Amino acid sequence: MTRPLTPDLCVIGAGAGGLAVAAGAAQFGAKVVLIERGAMGGDCLNFGCVPSKALLASARLADLWRRTPSLGIDYHPPQIDFAAIGGSVRRVIAAIAPNDSVERFEGLGVRVLRAEARFTSPRSLRAGGVEIQPRRFVIATGSHPAVPPIPGLDELAYLTNETIFANRVLPQHLIVIGGGPIGIEMAQAHRRLGARVTVLDLGPLLPRDDPELVGLLADRLSREDILLRPRVAIASVARDGAAIDVQLADGERISGSHLLIAAGRRPSVEALDLAAAGIAAGPQGITVDARLRTTNPRVFAVGDVAGGPQFTHIALYHAGIVIRNALFRLPAKVDYRTLPWVTYTDPELAQVGSTEAAARQDLADRVRVLSWPFAENDRAHTERDTAGLVKIVTRRDGRILGASILGAGAGDLILPWALAISQKLKIGAFANLIVPYPTRGEAGKRAAGSFYTPALFSPRTRWIVRLLARFG
């Protein structure tokens, strides 16, 4: 009988969080076993962040090509080769894949097992016939698409984020069920590449973001002829010849060629036999404390499977928390108060800290809201792209509580605001910055400066200026 492996750490799942834990622990000198039953790199590399942003890049170039006459450059309309675009997306994945490969991690000293893992006791698991008894476990199995219980859906072939990037046929009419980031990003990408697109959602679009900025983004998407239908219930779906027929609860029927399910995510825990390890879990994921420990003190969970915010950067953040706890016995805890996130539409929508609605709920009238539109930003004008605005939420004393940005490059522009909130800065720190001209970052400075406008240009200030003028 093969003797059990007894590493310091056994990591289950080679997505962003699992790979970060394995690489970090190995470089600190720990013995690590990494288990992955599917593709190295997990959802982010193969079915999520990387392919979606690559597809969006192609779609943005196609849209820009169509708008070049307004810049004095006239091309023929773009010729969309959807299969070739799919091939270019795969090449992007292939270029990044070596960073997440078995070879790289074995080079770091990690023992990689390509198998499915299942707990056999609170202290052990089996993977591919190998028993592993480590000092600590880290579950990083991620999540998979949630499929809503719509009558008829189980009888149809539909797309999810795990299959849409393998599609090589441009949909004539893509129906998207789900108005979250995945659904909205894929809607815009496919519309710009030539498909008709309808988005259906039981609730509001992008419910975690600032409603004012979501409304502006929705207007932009509607002007691109994307049909947005929030707050509608779906009664059933069915195949109607070559078409897919979606019947709404009010009796309306929508017919499309392809159906994308983007209605949220579910933790991937089914194969693990968590009960055998004494690990509690619910519909949202594995139960963890602030140190990411499960109900089995030997086991940690990171990323989507831990039931918190579902972002790759959260999985990477979790990895640092777990390494400090599991290897160094430091009581590091998660803190999501300065968590930024981005929806990578064009324009991008970024958020960090409190939205206006959340801040007013907590502080009522002790909130100041500052904003500056990109229509008043010179760099935006030079780029012929003035959509969106910067919106900052502060306390009355100037303490920065949150920032929402809709505009080109919003995902990059949100970073200094995340730093400001994490460091408990006041708005004066931004108002007094020297910002290079012309940049979109000036819009943030102008928003910050507006905090002082009522006092600076008040009758009292004008009286002081006139008084001082008397002294020569």
Quiz item: Using the alpha-carbon atoms, what tilt in degrees (0 to 90, nearest 10) does helix 312-326 show relative to the longest principal axis of the chain?
Solution: 60
Exercise. Return the long-range amide H neighbours of L339 (sequence gap of 5 or more, or a different chain), with a cut-off of under 5 Å between placed amide H atoms.
Key: G353
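Taking 35 Å as R0, compute the FRET efficiency from the Cβ-Cβ separation of I80 and L108 and round it to 0.05. Let's see the in-between values first.
Details: r = 42 Å, r/R0 = 1.19.
Efficiency computed from Cβ-Cβ geometry: 0.25.
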Self-check item: Principal axis dimensions, largest first and in whole angstrom, of region 76-211 by Cα
Solution: 59, 38, 37
Quiz prompt | For the chain: accessible area per residue (Å², 1.4 Å) | solution = 48
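Over region 20-96, what is the mean sequence separation of C-alpha contacts under 8 Å (at least six apart), divided by residue count, expressed as relative contact order in percent?
Values: 35 pairs, mean separation 21.9, N = 77.
28 percent.
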Quiz item: Can you give the Rg and Dmax of region 282-409 based on its C-alpha atoms, in angstrom?
Solution: 18.8, 57
Practice problem: May I ask you to derive the relative contact order of region 276-360, considering only C-alpha pairs under 8 Å and at least 6 residues apart, and to give it as an integer percent? | Solution: 19
Exercise. With r as the distance between the Cβ atoms of D335 and T6 and R0 = 35 Å, compute the FRET efficiency 1/(1 + (r/R0)^6) and round to 0.05.
Key: 0.55
Practice problem: Kindly express, to the nearest 10 degrees and within the range 0 to 90, the angle between helix 459-469's C-alpha long axis and the longest C-alpha principal axis of the chain. | Solution: 60
Quiz item: In percent, how large is the relative contact order of the chain, given Cα pairs closer than 8 Å and 6 or more residues apart?
Solution: 14
Practice problem: Using a 1.4 angstrom probe on heavy atoms only, work out the carbon and sulfur share of the accessible area of the chain in %. | Solution: 56
Quiz item: For the chain, what does -39500 (n - 2.57) per DSSP helix run (n ≥ 4), summed and divided by total residues, give at 222 nm, in deg cm²/dmol to the nearest 500?
Solution: -9000 deg cm²/dmol
Quiz item: Under 18 Å from the Cα of K333, which aspartates and glutamates turn up, not counting those fewer than eight places away in the same chain?
Solution: D289, D304
Self-check item: Rounded, prolate or oblate (a/c below 1.5 giving rounded, otherwise prolate when a/b exceeds b/c) for region 314-373 by Cα gyration tensor
Solution: oblate
Quiz item: What is the distance, in nm, between label points placed 7 Å from the Cα along the Cα-to-Cβ direction at R291 and at R399?
Solution: 2.9
Quiz prompt | Most positive-pole-ward Cα, L389, A358, P331, against dipole of region 309-406 from beta carbon charges | solution = P331
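Of K424/K445; K31/K53; K391/K424; K391/K426, which sit over 25 Å apart, Cα to Cα?
Numbers: K424/K445 17 Å; K31/K53 35 Å; K391/K424 18 Å; K391/K426 15 Å.
Flagged as over cut-off: K31/K53.
How long are the semi-axes of the equivalent ellipsoid of the chain, taking √(5λ) for every eigenvalue λ of the Cα gyration tensor, in whole Å from largest down?
Working: eigenvalues 341, 209, 90 Å².
Taking √(5λ) for each Cα gyration eigenvalue gives 41, 32, 21 Å.
Report the local net charge at R266: Lys and Arg +1, Asp and Glu -1, summed over other residues whose C-beta lies under 15 Å from its C-beta.
Values: positive: R265; negative: D43, E162, E270, D304.
Taking every Cβ under 15 Å from that of R266, the sum is -3.
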Practice problem: In whole Hz, with x marking every Gly and Pro, tabulate ³J(HN,Hα) for region 283-296 from phi via Karplus 6.51 cos²θ - 1.76 cosθ + 1.60, θ = phi - 60°. | Solution: x, 8, x, 6, 6, 10, 8, 5, 9, 6, 7, 7, 5, 9
Exercise. Search the structure for amide H atoms under 5 Å from the amide H of F137, placed 1.01 Å from N in the peptide plane, and list their residues when 5 or more places away or on another chain.
Key: C10, V299, F300
Self-check item: Separation between Cα centres of region 1-18 and region 390-428, rounded to whole Å
Solution: 40
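Kirkwood Rh over alpha-carbon pairs of region 1-124, then Stokes-Einstein at 10 °C and 1.306 mPa s: what D in µm² s⁻¹, rounded to an integer? Could you put the intermediate results ahead of the total?
Values: Rh = 17.3 Å.
Translational diffusion coefficient: 92 µm²/s.
The values are calculated or read from the model by the stated rules, or taken from the named source; none is laboratory data. No experiment lies behind these values; they were computed from the predicted model shown. For neighbour counting, all protein chains shown are included, and Cβ atoms are generated from backbone atoms with ideal geometry for every residue, glycine included. Note: accessible area is taken over every heavy atom of the protein model, side chains too, but ligands, DNA and RNA are not part of it. Shrake-Rupley method; radii C 1.70, N 1.55, O 1.52, S 1.80 Å.
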